[in-house]
1. Using the Karplus curve 6.51 cos²θ - 1.76 cosθ + 1.60 with θ = phi - 60°, work out ³J(HN,Hα) for each residue of segment 53-65 in order, rounded to whole Hz, and write x for Gly and Pro.
2. Calculate the spin-label point distance for residue 217 paired with residue 245, positioning each point 7 Å from the Cα along the beta-carbon direction, and give it in nanometres.
3. How much net charge surrounds residue 331 when only other residues with a Cβ under 15 Å from its Cβ are counted (Lys, Arg +1; Asp, Glu -1)?
4. Using a 1.4 Å probe and counting only protein heavy atoms, arrange 350, 302 so the residue with the most accessible area comes first.
5. For segment 196-204, take each phi angle, set θ = phi - 60°, evaluate the Karplus expression 6.51 cos²θ - 1.76 cosθ + 1.60, and give the result in whole Hz per residue in order, putting x for glycine and proline.
6. Using modelled amide H (1.01 Å from N, peptide plane; none on Pro or chain starts), what sits under 5 Å from the amide H of residue 261, excluding residues fewer than 5 places away?
7. From the phi of every residue in segment 73-89, what ³J(HN,Hα) in whole Hz does the Karplus formula 6.51 cos²θ - 1.76 cosθ + 1.60 yield, where θ is phi - 60° and glycine or proline is x?
8. Which one of 136, 169, 267 is farthest out on the positive end of the charge dipole of the chain, using unit charges on Cβ (Lys, Arg +1; Asp, Glu -1) and the Cα centre as origin?
Amino acid sequence: MAADPLVNSAQGAGTPRPGPPLWLLLELTYRCPLHCAFCYNPTDFARSSTELGTDDWIRVLREARALGAVQLGLSGGEPLARDDLEVIVGEAHQLGFYTNLITSGVGLNEMRLRALKKSGLDHVQLSFQDSTQQMNDFLSSTRTFELKSAVAALIKQYDYPMVLNVVLHRLNIDHVEEILEMALRLGADYVELANTQYYGWAWHNREQLLPSRAQVERAEQTMQRFRERVGRRMQIFFVVPDYFEIRPKPCMKGLGSIFLTITPDGTALPCHAARMLPGLDFPNVCQAGIAQIWYESESFNHFRGDAWMKEPCRSCPEKARDFGGCRCQAYLLTGDAANADPVCDLSPHHHLVTEAVARAERPAGDSPARSLAGALHLGAEQKPLVFRSPRNSSRLIAGHEGS
């Protein structure tokens, strides 16, 4: 008797077969000219410099598209560090993907943007770290503000929608009004103010980056006033940080539901950060096809459905809405990825979040980022920021603090 196609054999009869991976993210490289202290790349990225070749990336695109993937993100590191980016974009365009380049702007000159446009690139998302050269360059540990401004003008020149992304944290969240004014001057059509999610380098630097509740509330109010002032001229998205909620976000709509990441060395993950989760052997596209990875691998099936859930999630009526929250956050905060996300106030571990927020209410927390001097100020109990770099990655692998 043939197996029921609606049943996922790896999880048993209680779990429906998932739909296709609609959203495909290719992390083409971990090479990056920036050294952001909030980067979501793994802190141990120096362990591997292996990158898939062009032919492997094209095979991944073809297999994922055949499976039903439609949205394609090209990220890193800095994807422009790949000389074959235009070839990859061209293949994705021919296959029918909607392509989004997620970039720092470093390496995006007119010649390359013209070539990417010709290859069929649909969308460019440009990152800034702050509204001034001083703070932007400090937070990325590079001199890139003027370059980013020039790239923003180039993106407009080539008739792309101007999409700016700024990651917010303790050191720049008080600058939201200035950031939005900058975006308006640059002609941004869309601005994403994405509060830091605490994994990767941001987890290591959490005590230095987590804002106070007053800062978050003030920033959201500022954003709302600005949104009312500019109306439809610019769409603004403000992503509230998880730590200031009482219910978790439905992370990736549930792991293994719609989102597939391929890392530079070909490891397939159900979210950007999932490689940290213990006990899961994530497959590699060099050893298995995308369909096999998506439907059959134990690591992708592990957190599908609700059989993995512990209480209070298992009997919670909201589990079909938030899927228990973020597995990586649960693991980092509690040591067990199957626990309820501690962001949820029903979680027995919720105190781990409230205690972290309470520590962020230290006296300097009201407005620490008004100047570079404020950002550099360290109390006796504080560690310095650790900026993302191969050197610091190697230090963290060895168990030493970097700076």
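The values are calculated or read from the model by the stated rules, or taken from the named source; none is laboratory data. Everything quoted here is computed from the prediction, not taken from an experiment. Positions of Cβ are generated from backbone atoms using ideal geometry, with glycine treated the same way; all protein chains shown enter the neighbour counts. What goes into the accessible areas is simple: the full protein's heavy atoms, side chains included, and nothing from ligands, DNA or RNA. Shrake-Rupley method; radii C 1.70, N 1.55, O 1.52, S 1.80 Å.
1. x, 4, 4, 5, 4, 5, 4, 4, 4, 5, 5, 5, 5
2. Modelled inter-label distance: 2.0 nm.
3. Here the count lands on +1.
4. I get 302, 350, largest accessible area first.
5. Once θ is set to phi - 60°, the couplings for segment 196-204 become 4, 9, 9, 8, x, 5, 5, 5, 4 Hz.
6. Here 25, 269, 271 satisfy the definition.
7. Per-residue couplings from phi come out as x, 10, 9, x, x, 10, x, 5, 5, 8, 5, 9, 4, 4, 5, 5, 4 Hz.
8. Towards the positive end, the residue furthest out is 136.
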